[in-house]
Amino acid sequence: MNEPTRVLVTGHNGYLGSVIVPVLQAAGYEVVGLDMGYFRACTLGADNTSVPEITKDLRAIEPPDLQGFDAVIHLAALSNDPIGNLNADWTRQINAEGTVRLATMAKAAGIRRFLFSSSCIMYGMSKAAVVDETAPLAPQTEYARSKAVAEEALRALADDRFSPVYCRNGTVYGLSPRMRFDTVLNNFMGSAFTTGRVEVHSDGTPWRPVVHVQDVARYFKLMLEAPLQDIHNEAFNMGVESLNLQVREIAEIAVEAVPGAQLTLAPKPGADQRTYKADFSKFSRTFPDFEFQSTARKGAQELYEAFRSIALRFEDFTDKRFTRLRWLDHLLKAGMLDDQLRWRTAQPRVA
Ligand SMILES: NC(=O)c1ccc[n+]([C@@H]2O[C@H](COP(=O)([O-])OP(=O)(O)OC[C@H]3O[C@@H](n4cnc5c(N)ncnc54)[C@H](O)[C@@H]3O)[C@@H](O)[C@H]2O)c1
């Protein structure tokens, strides 16, 4: 086939990577993972995926690590605002400088297709009704800035030998072997299921594009297979209009999925009022045949069934393993990571 066959997936042990890798393997791709393994032990249910992997810090990769690949899917990152607030340098070094290091080596190794997992969060507190890919970026946090800086640096590397693509994701939900309960719909569902309540601390009006993790896996595969001239050096808001929801609607969907659950709007000063309503028309224009198979409602129902089948408890929902910041904090306090987020001890294997 013309498409790349041997793919390096960085961050393959994360929430998205643990879902994307088996989808690619099932489609016949030869996948190798590269991950620091921060969350390897943080499984909810079994992860039966078997994948050759390089356990390495993005900040320490070397040219031989990039040999023999046709494409890179770059997911590895410190993946949210709270971690960026804990230590801005880590987020800058890993998400921005680490991305440039990886991309520079990928380009030198002759890998043309480089899919960067970016975020709609860079649009910041946009007052514009809808933001398309040409909207000025207004990153409000270190995490959002790191994605904007990385995109800009990748753009400078783009030429006829190197085709970065900026996949600007919404907030992802849905079941993964490396579950996160620190993203909005997963969090609301976990709370509705284990406490019977969902509390919204903003006024509920902020917009959040949400997207199902299986659809994310499908669109990364799509991007691996797309003609390069359609995606070369292009940014895409990854989604469809119906995925733009206000936080209040997301909360309502969660309580409706869980019998008896109740919604409380309890705005607090300083609550998260980031808002971004994404224009997804470029994606649908470029990929008219791609269908998003899930909706927030369907995804909430599916999470409800999954939580029932594993009898999810409040202790699981609130366990540090499923909140990225708390788990890293735990590894640091336990002395397993040093002050540069490097392993000091053997990694914890099983939760
Ligand atoms: N989950 C979402 O809602 C969402 C939304 C928009 C964008 N994204 C982006 O998608 C990507 C994946 O997100 P996720 O939810 O799977 O995050 P995650 O935190 O679950 O996974 C990130 C992975 O990167 C690895 N990693 C972190 N620092 C590393 C380093 N220095 N060297 C090697 N590996 C390292 C971690 O060990 C982890 O396995 C991230 O780039 C994130 O910013 C995610």
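The values are calculated or read from the model by the stated rules, or taken from the named source; none is laboratory data. Because the structure is a prediction, the values reported are computed rather than measured. Reconstructed Cβ throughout: ideal geometry from the backbone, glycine too, with neighbour counts over all protein chains shown. Quick note on the areas: whole protein, heavy atoms, side chains included, nothing else; ligands and nucleic acids left out. Shrake-Rupley method; radii C 1.70, N 1.55, O 1.52, S 1.80 Å.
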| For the chain: accessible area per residue (Å², 1.4 Å) | 41
| query | What does the convex hull of the alpha-carbon atoms of segment 6-333 project to on average, in nm²? | reply | 15.5
| task | State the volume of the convex hull built on the alpha-carbon positions of segment 138-297, expressed per residue in Å³ and rounded to an integer. | result | 124
| field | Bridge type composition, segment 6-333 - antiparallel percent by DSSP, nearest 5 | value | 10
| remark: Subtracting the Cα-Cα distance of residue 286 and residue 55 from 0.36 nm times their residue separation yields 79.6 nm
| note | With a 1.4 angstrom probe the carbon and sulfur portion of accessible area for the chain, in percent, totals 50
| Average Cα contact separation per residue, the chain, under 8 Å, 6 or more apart, as relative contact order % | 20
| If you wrap a convex hull around the C-alpha atoms of segment 56-136 and split its volume per residue, what is the figure in Å³? | 109
| request: Would you mind working out the magnitude of the charge dipole of segment 6-333 relative to its Cα centre, with +1 at each Lys and Arg C-beta and -1 at each Asp and Glu C-beta, to the nearest 20 Debye? | output: 420
| request: Would you compute the Debye intensity of segment 69-202 from its alpha-carbon atoms alone, equal scatterers and no solvent, and pass along log10 I(q)/I(0) at q = 0.11, 0.14, 0.17 Å⁻¹ to two decimals? | output: -0.47, -0.73, -0.99
